1. To the nearest 10 degrees, how steep is helix 359-368 against the longest Cα principal axis of the chain, on a 0 to 90 scale?
2. Angle between the Cα long axis of helix 155-174 and the longest principal axis of the chain, 0 to 90 degrees, nearest 10?
3. In nanometres, what is the gap between the two model label sites at TYR112 and LYS259, each 7 Å from Cα along Cα-to-Cβ?
4. May I ask which of LYS134/LYS294; LYS119/LYS275; LYS171/LYS268; LYS134/LYS239; LYS62/LYS134; LYS283/LYS339 have a Cα-Cα span longer than 31 Å here?
5. With the Cα gyration tensor of segment 120-191 in hand, convert its eigenvalues to equivalent ellipsoid semi-axes via √(5λ) and list them largest first in whole Å.
6. Highest first, please rank the peptides 187-195, 238-246 by the mean number of other Cβ atoms sitting within 10 Å of their residues.
7. Label points 7 Å out from Cα along the Cβ direction at LEU175 and ASN218: separation in nm?
8. For the chain, what is the percent of antiparallel DSSP beta bridges, rounded to the nearest 5?
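Laboratory data are not the source of any read-out in this text; all were calculated from the coordinates shown. Just so you know, these numbers come straight off a predicted model, no measurement behind them. Every residue, glycine among them, receives a Cβ derived from its backbone with ideal geometry; neighbour counts consider all protein chains shown.
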Amino acid sequence: MKLRQPILTVLGHVNVGKTTLLDKIRGTAVQLKEAGGMTQHIGASFLPIQVIYNIAKNLIEKYKIHLNISGILLIDTPGHEVFTNLRMRGGSVADMAILVVDINKGLERQTYESIDILKSRNVPFIIALNKLDKLEGWVPTNTYSFLESLSLQDERTKERLDYRIYDLVSKLLRLGINAERFDRIRDFSKYTAIIPTSAIYGIGIAELLLLVAGICQNYLKSRIAYTEGPASGVILDVKQETGLGTTVNAIIFNGIIRKNDIIAFATKTGVITTKVRALLMPKPLEEMRAPEDKFLSVEEVVASAGVKIVADNLDEALGGSPLFVVTEENKEAILNKIKEEISVFKFKMDKEGLIIKAYRCWRWWIDNCIGR
Ligand SMILES: Nc1nc2c(ncn2[C@@H]2O[C@H](COP(=O)(O)OP(=O)(O)O)[C@@H](O)[C@H]2O)c(=O)[nH]1
Ligand SMILES: [Mg+2]
């Protein structure tokens with residue numbers, strides 16, 4: 001079975017270290033450039049499997065792990081509304097998520113919200129218990145492996161860590177989640193793994209990435225099976241670009257999109273189709289000659305990918321709309337599918353207006369409107 005790259009998103013309360021964690025992973029990948037490095041996408045970055053091999057080398061050798069996915073597509077903007085909502089035609093935009101929790105703060109308001117969203121969309125996730133270096137007594141180390149760093153700590157600090165972990169475990173249990181420290185889990189389909197991390201020092205990112213890769217290839221095979229054929233994706237943002245006019249940034253999560261293909265998506269007034277004039281990817285930094293010279297035109301893009309689409313009539317495109325490549329055969333069915341989704345959206349908007357005042361209404365709104 002051909003697998004596409006799993007799409008990974010990062011969720012959690014504000015200030016828990018989501019951005020720092022992604023930056024650390026990206027920074028480390030760039031440092032390890034000789035082994036593949038990172039490829040920039042629009043709104044995402046691709047982490048090749050060689051980089052994970054490199055970061056988690058000791059663990060992979062020790063446990064004789066074999067990874068058979070080609071890499072992971074990391075969504076760059078933690079908390080992007082399409083990904084926090086994660087909804088896509090009843091399913092989910094992300095294949096897997098990392099839920100970041102501050103080790104000294106535990107569960108916070110947006111952690112609960114993130115858990116609700118992940119559960120309702122059936123998105124598997126692991127927990128990064130972050131800011132480990134701020135745990136009293138922890139002596140920070142420059143190792144990517146949590147287990148290596150742990151072996152250098154004194155007994156009282158280890159106990160303190162377990163105290164924090166099992167406090168979190170008991171709170172998660174009340175939410176119906178069976179969680180456990182990752183190295184004490186035998187069956188990853190039954191427990192949610194907790195990996196202590198320090199995004200500042202990079203501690204734990206070896207185990208974090210290894211677990212993400214392992215869970216994707218062992219438990220998400222059917223979800224990440226690659227389907228040949230016209231692309232499906234989602235619009236992240238609608239963006240003005242100097243010299244290009246209005247463009248859309250999209251994540252393609254299945255199939256293939258080519259220059260001159262016809263795409264369909266939702267606007268405020270209905271579903272429209274337009275011809276793809278150009279597909280753009282970010283230019284590697286070293287090839288950029290001027291600040292406005294930042295994109296590279298490509299002939300086709302294969303899932304999973306983040307791409308900028310240049311076409312006519314993109315002004316009215318809705319962020320969060322599904323996006324499909326249409327062909328003579330599938331055109332009618334796809335237009336109807338998108339229409340159905342916006343009719344629900346419009347009906348609900350007419351009925352409820354814009355009374356996004358209270359928590360309940362806001363929840364209703366993210367559940368029903370965004371991303372449709
Ligand atoms: N000591 C420590 N500070 C961290 C760690 N991760 C993030 N921070 C700090 O926490 C603050 C919020 O981090 P940020 O990544 O912006 O959080 P986000 O809102 O979840 O994206 C920043 O000042 C970071 O430097 C960590 O592992 N250890
Ligand atoms: Mg952030």
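1. So the helix axis and the longest Cα principal axis differ by about 60 degrees.
2. Here the helix axis deviates by roughly 40 degrees.
3. 5.2 nm
4. Result: LYS134/LYS294; LYS119/LYS275; LYS171/LYS268; LYS134/LYS239; LYS283/LYS339 exceed 31 Å.
5. Semi-axes (√(5λ), whole Å): 25, 14, 11.
6. So the peptides 187-195, 238-246, ranked by packing, come out 187-195, 238-246.
7. With each label point 7 Å from Cα toward Cβ, the separation is 2.3 nm.
8. So the antiparallel bridges amount to about 70 percent of the total.
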